[in-house]
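K.L.:
Here's a structure for you.
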Amino acid sequence: MTASVTTITITGAGGQIGYALLFRIAAGDMLGADRPVRLRLLEVRPGIRSAEGAALELQDGAFELLHDVEVTEDPAVAFDGCNIALLVGARPRGPGMERRDLLAANAGIFGPQGAAIAAHAADDVRAVVVGNPANTNALIAAASAPGVPPERFSALTRLDHNRAAAQLAATLDAPVGVVRDVAIWGNHSATQFPDISHATVAGTPALRALEERFGGADAAARWVDDEFIPRVAGRGAEIIEVRGSSSVASAANAAITHVRDDVLGTSEARGWTSAAVVSHGEYGVPAGLFSSFPVTSDGSGYRIVEGLTIDDRARARIDASTAELVEERDAVHALGAL
Ligand code: NAX
């Protein structure tokens, strides 16, 4: 029997992250080697030739799982029958652009895309927002998609999660595969809180391993506050500084694994992951905000890991990032986009 074809819509497909995503999806890295895919590439006029070029290269890749590719500027066509949407295309901050202008420009993209998803996508659609400001763009898209439960939308903080796991592993001289239960809380921005208080490394609590590594609890806490958290939260800027361009392949990898874990499920052996999902009031985050939390999935969508102990230091960091999300929501609300 032939497996049914999954329709995947990628916005901003002519951009850098799009180019790093398309060939891996066609090769089966996202949904597995038994799931044929149809790719719908949405672009705006300046990016359309680049997306068309990528489509030619996809053809030349002769990917056996690739059913067909369509390039379009029309969201109604792009989201028609869509099962999985990767919302990558966004308006970057231009010189002299205020945050309010950035939010407004992106509301003008993610509002109509949310509406097109509601009108044209398949009943089981799930959408992940990659384009920044990712959390608030997800909020806008979900609010603009009547009839689609907000739980079907998420925003990408998996790259931050992976960065946190990798920094911890490198510091403890451990392979990253033995790191479990790192968490990213809050906004995908400099205020995010990368949290290792529940993490283990090869079965040992990460904080205990760090105390041994740095010779005491105070030194370990200093490393967490002064090196680990700023390094993870500032890693995007570090990549730009060293590479001369923003994160691309690592972002695409994070988006692929975010979708894979969402639709195929996380595993007990690997522990939880992180994603920005809609809050129902968990951990004091106001309901309706899209905030990053530790999450698991049984294949039917991400669920927030509940019941974790949050100490005062963690509380303050989560509250600070939540306050930024509230500000962004209020600014978008004032623009009439919510
Ligand atoms: P590029 O500028 O290379 O590509 C963006 C593409 O989106 C362009 O081809 C543009 O024509 C297209 N586009 C713009 N408006 C569109 C619309 N309304 N419909 C369809 N396409 C549209 O950026 P790239 O490096 O690919 O990054 C894309 C986004 O990812 C940016 O917003 C970036 O800030 C964000 N990132 C998010 C990350 C995350 O972890 N959430 C990490 C990486 C990255 O910084």
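K.L.:
Go through the stretch 141-181 and give me each residue that's over 24 Å from Arg303 (Cβ atoms) and in contact with a Lys or Arg (Cβ under 9 Å, 6 or more places away or on another chain).
P.N.:
Hits for the stretch 141-181 are Gln167, Thr171, Leu172, Asp173.
K.L.:
Can I ask one more? Are there any pairs, at least 6 apart or on different chains, whose C-beta atoms fall under 9 Å, with the first in the stretch 64-81 and closer than 18 Å to Asp124 by Cα and the second of a type in the set (Lys, Arg) and within 12 Å of the ligand (Cβ to nearest atom), and if so, which?
P.N.:
Cβ pairs passing all conditions: Val77/Arg40; Ala78/Arg40; Phe79/Arg40; Asp80/Arg40; Gly81/Arg40.
K.L.:
Limited to the stretch 238-276, what total is found for residues that are at positive phi and within 16 Å of the ligand (Cβ to nearest atom)?
P.N.:
The first filter runs over the stretch 238-276 and keeps only residues at positive phi, leaving 244, 265, 271.
Imposing the further condition that a residue be within 16 Å of the ligand (Cβ to nearest atom) reduces the set to 244.
The total comes to 1.
K.L.:
Here is a list: Ile229, Ile239. Which entry is farther than 22 Å from Thr266 by Cα, of a type in the set (Val, Ile, Thr) and open to solvent by 30 Å² or more (accessible area, probe 1.4 Å)?
P.N.:
Ile239
K.L.:
Now for a separate question. Take the conditions more than 19 Å from Phe293 (Cβ to Cβ) and in contact (Cβ under 8 Å) with a residue 60 or more places away in the chain and apply them to Ser245. Does it pass?
P.N.:
Working: more than 19 Å from Phe293 (Cβ to Cβ): yes; in contact (Cβ under 8 Å) with a residue 60 or more places away in the chain: yes.
Taking the combined requirement at face value, the residue satisfies it.
Let's see how each residue does on (1) surrounded by fewer than 20 Cβ atoms within 10 Å (Cβ to Cβ); (2) in contact (Cβ under 8 Å) with a residue 24 or more places away in the chain; (3) not acidic (Asp, Glu):
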site: Ala121; (1), (2), (3): no, yes, yes
site: Val130; (1), (2), (3): no, yes, yes
site: Ala134; (1), (2), (3): no, yes, yes
site: Gly147; (1), (2), (3): yes, yes, yes
site: Phe153; (1), (2), (3): no, yes, yes
site: Leu159; (1), (2), (3): no, yes, yes
site: Asp173; (1), (2), (3): yes, no, no
site: Ser197; (1), (2), (3): yes, yes, yes
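K.L.:
Select from the stretch 74-103 the residues that are open to solvent by less than 40 Å² (accessible area, probe 1.4 Å), outside any loop (DSSP other than H, G, I, E, B) and in contact with a helix residue (DSSP H, G or I) (Cβ under 9 Å, 6 or more places away or on another chain) and list them in ascending order.
P.N.:
Ala76, Ala78, Ile84, Ala85, Leu86, Leu87, Leu103
K.L.:
Additional query: I want to confirm something. Restricting to the stretch 13-69 and keeping residues that are more than 18 Å from Ile256 (Cα to Cα), assigned to a loop (DSSP other than H, G, I, E, B) and within 10 Å of the ligand (Cβ to nearest atom), which single residue is farthest from the chain's Cα centre (by Cα)?
P.N.:
Val44
K.L.:
In the list Arg235, Arg303, which residue meets the criterion of being assigned by TED's automatic domain parsing to the domain that holds Ala166 and within 12 Å of the ligand (Cβ to nearest atom)? Before the answer, list the steps.
P.N.:
Working: Arg303 fails: within 12 Å of the ligand (Cβ to nearest atom).
Result of the check over Arg235, Arg303: Arg235.
So that you can scan it fast, the table gives a plain yes or no per residue for (1) out of contact with any His (no Cβ under 6 Å at 6 or more places or on another chain); (2) assigned by TED's automatic domain parsing to the domain that holds Leu86; (3) among the basic types (Lys, Arg); (4) buried (at least 22 other Cβ atoms within 10 Å of the Cβ):
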residue: Thr11; (1), (2), (3), (4): yes, yes, no, yes
residue: Arg24; (1), (2), (3), (4): yes, yes, yes, no
residue: Leu31; (1), (2), (3), (4): yes, yes, no, no
residue: Arg40; (1), (2), (3), (4): yes, yes, yes, yes
residue: Ile48; (1), (2), (3), (4): yes, yes, no, no
residue: Gly53; (1), (2), (3), (4): yes, yes, no, no
residue: Leu65; (1), (2), (3), (4): yes, yes, no, no
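K.L.:
Does Trp185 satisfy the condition of being hydrophobic (A, V, I, L, M, F, W, C), part of a helix (DSSP H, G or I) and modelled with pLDDT of 95 or more?
P.N.:
On the way: hydrophobic (A, V, I, L, M, F, W, C): yes; part of a helix (DSSP H, G or I): no; modelled with pLDDT of 95 or more: yes.
Considered against the rule, which asks whether it is hydrophobic (A, V, I, L, M, F, W, C), part of a helix (DSSP H, G or I) and modelled with pLDDT of 95 or more, Trp185 comes out as no.
K.L.:
Within the stretch 280-332, track down each residue that is in a loop (DSSP other than H, G, I, E, B) and small (Gly, Ala, Ser). Full working, then the answer.
P.N.:
Applying the first criterion (in a loop (DSSP other than H, G, I, E, B)) to the stretch 280-332 yields 280-281, 285-289, 298-301, 305-311.
Scanning the stretch 280-332 gives Gly281, Ala287, Gly288, Gly299, Ser300, Gly301, Gly307.
The values are calculated or read from the model by the stated rules, or taken from the named source; none is laboratory data. Bear in mind the structure is a predicted one, so any value in this text is a computation, not a measurement. Ideal geometry is used to build each Cβ from the backbone, glycine not excepted, and the neighbour counts take in all protein chains shown. Keep in mind that these areas ignore ligands, DNA and RNA; they rest on the heavy atoms of the full protein, side chains included. Shrake-Rupley method; radii C 1.70, N 1.55, O 1.52, S 1.80 Å.
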